């Protein structure tokens with residue numbers, strides 16, 4: 001017997017916890033991702049004279065050594081970045097919240113270039129040349145590399161985009177954010193972990209980033225739905241559709257979010273599978289795909 005999907009009242013504590021962890025949660029019907037959470041007071045914002053509160057992982061883990069080659073062909077080793085805070089940002093050009101947070105990442109990289117390195121990891125199915133053209137157009141001032149099987153093994157649990165791992169100067173993962181970053185919190189994390197400021201109240205928390213997938217994050221893996229047989233173009237189209245089409249089970253989530261939050265849902269699975277089958281046959285997917 002399938003457990004009934006939790007009500008809004010049941011999900012409210014989890015949603016509040018997400019706000020406490022600095023994770024974006026926006027209206028899934030908003031046409032502009034940059035408008036998400038504009039009215040939410042973030043933990044990094046405090047009253048005058050009050051020490052800001054920062055949530056870091058209870059059990060930081062060391063990052064194994066890895067090397068990537070950026071879009072300019074330059075080799076980048078995590079060992080070479082020791083001594084700086086590193087933001088490993090998994091993103092894609094097709095992902096609206098990923099694009100919306102790029103200006104903040106650019107600003108942070110410019111402001112803290114001696115203390116911080118943003119490392120963008122593209123999950124795109126398109127060619128590196130196309131990703132580079134996008135990065136140039138966005139004036140991204142930090143290195144971008146394509147995702148690799150090695151990175152997938154090291155940074156486990158990247159089920160939605162954007163996902164950002166915050167690594168301290170000693171090479172330990174201190175936090176993981178799913179969804180759009182809050183610039184205030186990311187800046188505070190950079191300042192604290194780099195030793196620039198000391199007057200911070202640190203709360204050690206469990207990794208709750210899998211608790212809820214909202215419209216502020218775009219799923220890239222859908223439980224129960226096989227995307228491996230699709231072409232790169234079809235896979236991108238399928239992910240866009242699954243992250244925008246609503247489920248009809250009453251959860252008020254997208255198909256992708258419903259599948260991740262409740263893989264046992266018997267309503268979202270056949271709808272998502274049928275949608276992917278239609279894309280595989282070359283059909284155009286419109287706004288009424290779930291009907």
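The values are calculated or read from the model by the stated rules, or taken from the named source; none is laboratory data. These figures come from a predicted structure and were not determined experimentally. Ideal geometry is used to build each Cβ from the backbone, glycine not excepted, and the neighbour counts take in all protein chains shown.
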If the requirement is being modelled with pLDDT of 95 or more and buried (at least 21 other Cβ atoms within 10 Å of the Cβ), which of these qualifies: 254, 185, 214?
185
Does residue 180 qualify as being at negative phi, at pLDDT 95 or above and part of a loop (DSSP other than H, G, I, E, B)?
no
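Let's see how each residue does on (1) surrounded by fewer than 20 Cβ atoms within 10 Å (Cβ to Cβ); (2) within 18 Å of the chain's Cα centre (by Cα); (3) modelled with pLDDT of 95 or more:
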residue	(1), (2), (3)
67	yes, no, yes
71	no, no, yes
75	yes, no, yes
92	no, yes, yes
98	no, yes, yes
101	no, yes, yes
Test residue 112 against the stated conditions and say whether it is surrounded by 20 or more Cβ atoms within 10 Å (Cβ to Cβ), within 23 Å of residue 194 (Cβ to Cβ) and touching a residue at least 24 places away in the same chain (Cβ under 8 Å).
no
If you take just the strands (runs of 3 or more DSSP E) that sit entirely in the stretch 59-137, which of them hold at least 2 residues that are outside the structural domain of residue 243 (by TED's automatic domain parsing) and closer than 23 Å to residue 180 by Cα?
85-91, 116-122
Within the stretch 147-164, considering residues that are part of a loop (DSSP other than H, G, I, E, B) and more than 19 Å from residue 75 (Cβ to Cβ), the one modelled with the lowest pLDDT
157
